[in-house]
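Structure record follows, encoded as structure tokens.
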Amino acid sequence: MNRDFLITILQSVENAKREHRNNAALKIIESPYLFPYLVKETFNVDDKLSIRAAWILEWICTHNGLQLLVPHLKEFTENINTVYFDGSVRTCAKICEHISIAYNDKKSHDIQDVLTKNQLNKIIEVGFDWLIKPQKIAVKAYTMNTLYLLGFHEKWVHPALADIIRKDIIHQSKGCEARGKKILALIAKKQNII
């Protein structure tokens, strides 16, 4: 019944318009027992309904924080490398950015207490994969910021990120160039490696 109810909610999401995502997210927040099913459905990657699940997961994480995701970080980080639909990759990249922001927040956040080194490394690994492989600009923009922030916890990340940005990213589009230059400047300012 629980998964079936979630599927009904997801099927009612006609498109990615804010109102549709918000309505579906509110139903899941009102029935938090549905959240584990939402995470699972996000990674049911061969079903196009997974795109809608990813939209709603990202909406909840963006507008309501990461609290509902925290107990599912292991499942999330172990499966983010499996998504391949553009809409799912973009939303997972944005969720990774939210995780990295919370992980680096000066205020205490649950993510700081529960995100393991292995989970951190999985986010970093998939981030570099997304930067190297052909992806939409939004995915690359979110990912550059994620890797920049997580680079404070893994020393090798900033030099590798700077190298990829210089050699490839800034030559892809105006948007990638602008974000790449911004991240390079931040790395230079914080690490003096460029």
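In this entry, Ile95 passes the filter for residues that are closer than 21 Å to Leu131 by Cβ and surrounded by 18 or more Cβ atoms within 10 Å (Cβ to Cβ). Of the set (1) outside the structural domain of Asp4 (by TED's automatic domain parsing); (2) under 13 Å from the mean Cα position of the chain (by Cα); (3) surrounded by 15 or more Cβ atoms within 10 Å (Cβ to Cβ), all apply to Asp110 but (2). I'd like to know if the stretch 1-20 contains one or more residues that are surrounded by 15 or more Cβ atoms within 10 Å (Cβ to Cβ) and among the polar types (S, T, N, Q). No, because not a single residue in the stretch 1-20 is surrounded by 15 or more Cβ atoms within 10 Å (Cβ to Cβ) and among the polar types (S, T, N, Q).
Within the stretch 98-107, is even one residue outside the structural domain of Asn44 (by TED's automatic domain parsing), surrounded by fewer than 14 Cβ atoms within 10 Å (Cβ to Cβ), in a helix (DSSP H, G or I) and at pLDDT below 95?
At the first step, the residues of the stretch 98-107 found to be outside the structural domain of Asn44 (by TED's automatic domain parsing) are 98-107.
Those still in the list that are surrounded by fewer than 14 Cβ atoms within 10 Å (Cβ to Cβ) too: 105-107.
This time we only want the ones that are in a helix (DSSP H, G or I), so: none.
Checked the stretch 98-107: no residue is outside the structural domain of Asn44 (by TED's automatic domain parsing), surrounded by fewer than 14 Cβ atoms within 10 Å (Cβ to Cβ), in a helix (DSSP H, G or I) and at pLDDT below 95.
Please specify each residue of the stretch 30-45 satisfying the condition of being surrounded by 15 or more Cβ atoms within 10 Å (Cβ to Cβ) and not hydroxyl-bearing (Ser, Thr, Tyr). If the condition is that a residue be surrounded by 15 or more Cβ atoms within 10 Å (Cβ to Cβ) and not hydroxyl-bearing (Ser, Thr, Tyr), then Leu34, Phe35, Pro36, Leu38, Val39, Lys40, Glu41, Phe43, Val45 are the ones that fit.
The values are calculated or read from the model by the stated rules, or taken from the named source; none is laboratory data. As the structure is a computational prediction, the values presented were derived from the model and not from experiment. Cβ atoms come from the backbone with ideal geometry, glycine included; neighbour counts cover every protein chain shown.
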